[in-house]
Amino acid sequence: MKTELISNGVQRAVELLRQGEAVALPTETVYGLAADALREEAVLKIFAAKARPRFDPLIVHLPEPEWVERVATVSDSARELFARLTGEFWPGPMTFVLRRQAIVPDLVTAGLETVAVRVSGHRVFEEVIQSFGGPLAAPSANRFGRISPTAAAHVLEELDGLIPLIVDGGPTTHGLESTIVALRNERIELLRRGPVTQERLAEFGEVVVVGPTQHPEAPGQLPMHYAPGTRLVLVDDAASFAVPSQRRCGLLSWKPGAAPGFVEVRRLSERQNLTEAAANLFRHLRELDAKRLDLIVAERLPDEGLGAAINDRLSRAVARA
Ligand code: TXA
Ligand code: MG
């Protein structure tokens, strides 16, 4: 299959989606691989292109918040909290795990009784989904377990020849996948850290962090995920890391300062800005991964706000099988 990469692709994307194809679209977090969420044979194309195991459920993107009631149910006890959170964060980088309705295919939820839903605020994504007029299942547009794409060129690297279309909307704003929460017992369970930080969520209610686990309710919580091909270690301070001689080491740094011994250096943010660091993270990791290094050394960030979300992705890049 020939993969088209175009920036004015809204019309073409809608056409292909209507034909039951999977197409890559920009969102404010990372690029997604979208297909008609209510059509099993369309969703199958996502799993095929990504080589994604069937046990990993997909996020269902909705044209409007009002669509929630057609694919999910919000419990009475969570209703008020849900309304306050969506009022603040939708459209945006925020996903809710809710009880599913029967209309959602089992393939999308991996047989779970819940479904993850989000409304994206990316201009191109909004145009496509509103013109399409229904929910789109869309995981990140990378092969399973790999680094999420934050630019159209990354999607091409991952899925060239496997999908008909990539709509180029430029680099994504946040650079990290959406925050995923479940609302249970009037508390906010944080299932995946992301652009909406724990601190922000805490303004709306009690937050319980559900860490990565080997027995995930959600397989995206598997410790190994977001893995580059190159071995990666996580350190507090690269200045005190002794680069082994004869080894080609790359550095993904947070702290300023010299980096003797490293053959490639990428700085997450020269001005120590967490928002900028998040936006750069996957691009830098991808670039370092392409340099055929023996080792990537990554510096841990302060474990607060977006720093905690970035550390989460870095530690999963370490925990490789
Ligand atoms: O920002 C994002 O969320 C991007 C863009 C494209 O929207 N999407 C994304 O999808 O990151 P993906 O498939 O790479 O990660 C989705 C994760 C799953 O791996 C799983 O952990 C969680 O969402 N998920 C999906 N359905 C779930 C459910 N019913 N219960 C718990 N977690 C669920
Ligand atoms: Mg993903």
Task: In region 113-154, the residues that are more than 28 Å from L98 (Cβ to Cβ) and over 13 Å from the mean Cα position of the chain (by Cα) - done: A152, A153, H154
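Criterion first (at pLDDT below 95 and within 15 Å of ligand 1 (Cβ to nearest atom)) does P219 satisfy it?
yes
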- [ ] Have a look at R267, R271 and point out the one that is under 24 Å from A308 (Cβ atoms), basic (K, R) and either out of contact with any strand residue (DSSP E or B) (no Cβ under 7 Å at 6 or more places or on another chain) or at pLDDT below 95 (or both).
- [x] R271
- [ ] Check R39, R52 and return the single one that is within 13 Å of ligand 2 (Cβ to nearest atom) and touching a residue at least 12 places away in the same chain (Cβ under 8 Å).
- [x] R52
TODO: Kindly indicate whether R123 is at pLDDT 95 or above, of a type outside the set (D, E) and more than 8 Å from ligand 1 (Cβ to nearest atom).
DONE: yes
- [ ] Answer yes or no: is there a residue in region 72-83 that is assigned to a strand (DSSP E or B) and crowded, with 16+ Cβ neighbours inside 10 Å.
- [x] yes
Open item on the list: Can you say whether P65 is crowded, with 24+ Cβ neighbours inside 10 Å, touching a residue at least 40 places away in the same chain (Cβ under 8 Å) and in contact with a helix residue (DSSP H, G or I) (Cβ under 7 Å, 6 or more places away or on another chain), as far as the supplied structure shows?
Closed with: no
TODO: Check off (1) under 27 Å from A308 (Cβ atoms); (2) within 13 Å of ligand 2 (Cβ to nearest atom) for A137 and give me the number that stays unchecked.
DONE: (1)
Task: Total residues in region 150-175, condition within 16 Å of A51 (Cα to Cα) and not in a loop (DSSP other than H, G, I, E, B) - done: 5
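Has region 149-166 got any residue that is in contact with a helix residue (DSSP H, G or I) (Cβ under 7 Å, 6 or more places away or on another chain) and among the charged types (D, E, K, R)? Spell out how you get there, then give the answer.
We begin by selecting, within region 149-166, every residue in contact with a helix residue (DSSP H, G or I) (Cβ under 7 Å, 6 or more places away or on another chain); these are 149-151, 154, 159, 162-166.
So of that shortlist, the ones also among the charged types (D, E, K, R) come out as none.
Checking region 149-166: not a single residue is in contact with a helix residue (DSSP H, G or I) (Cβ under 7 Å, 6 or more places away or on another chain) and among the charged types (D, E, K, R).
Quick check on my filter: what residues within region 297-313 are out of contact with any Lys or Arg (no Cβ under 7 Å at 6 or more places or on another chain) and surrounded by 15 or more Cβ atoms within 10 Å (Cβ to Cβ)? It would help to see each step written out before you state the result.
Just the residues of region 297-313 that are out of contact with any Lys or Arg (no Cβ under 7 Å at 6 or more places or on another chain), to begin with: 297-298, 300-307, 310, 313.
Correct list: V297, A298, R300, L301, G305, L306, G307, I310, R313.
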Open item on the list: So I147 ticks every box in (1) closer than 21 Å to V10 by Cα; (2) among the aliphatic types (A, V, I, L, M); (3) in a loop (DSSP other than H, G, I, E, B); (4) touching an Asp or Glu at 6+ places or on another chain (Cβ under 8 Å) but one. Which box is left unticked?
Closed with: (1)
Open item on the list: Against the conditions (1) closer than 14 Å to V30 by Cβ; (2) more than 9 Å from ligand 1 (Cβ to nearest atom), where does A138 fall short? Just the number, please.
Closed with: (2)
- [ ] Could you grab me the full set of residues in region 234-285 that are within 17 Å of S315 (Cβ to Cβ) and either of a type in the set (G, A, S) or loosely packed, with under 15 Cβ neighbours inside 10 Å (or both)?
- [x] V235, D236, D237, A238, S253, A277, A278
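Please state which one of T114, T95 is buried (at least 19 other Cβ atoms within 10 Å of the Cβ) and either on the phi > 0 side of the Ramachandran plot or polar (S, T, N, Q) (or both).
Going through T114, T95 in turn, the sole match is T95.
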- [ ] Give me the pairs, please: first residue somewhere in region 162-190 and under 18 Å from L33 (Cα atoms), second residue anywhere and part of a strand (DSSP E or B) and among the acidic types (D, E), beta-carbon distance under 9 Å, and either six or more positions apart or on two chains.
- [x] P164/E4; L165/E4; I166/E4
TODO: Kindly list the number of the only condition in (1) over 14 Å from the mean Cα position of the chain (by Cα); (2) surrounded by fewer than 17 Cβ atoms within 10 Å (Cβ to Cβ) that fails for W90.
DONE: (2)
Open item on the list: I need a count of the residues in region 176-211 that are assigned to a strand (DSSP E or B) and either of a type in the set (V, I, T) or within 16 Å of ligand 2 (Cβ to nearest atom) (or both).
Closed with: 9
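The values are calculated or read from the model by the stated rules, or taken from the named source; none is laboratory data. All values reported here derive from a predicted model rather than from experimental measurement. Here the Cβ is made from the backbone with ideal geometry for all residues, glycine too, and neighbour counts use every protein chain on show.
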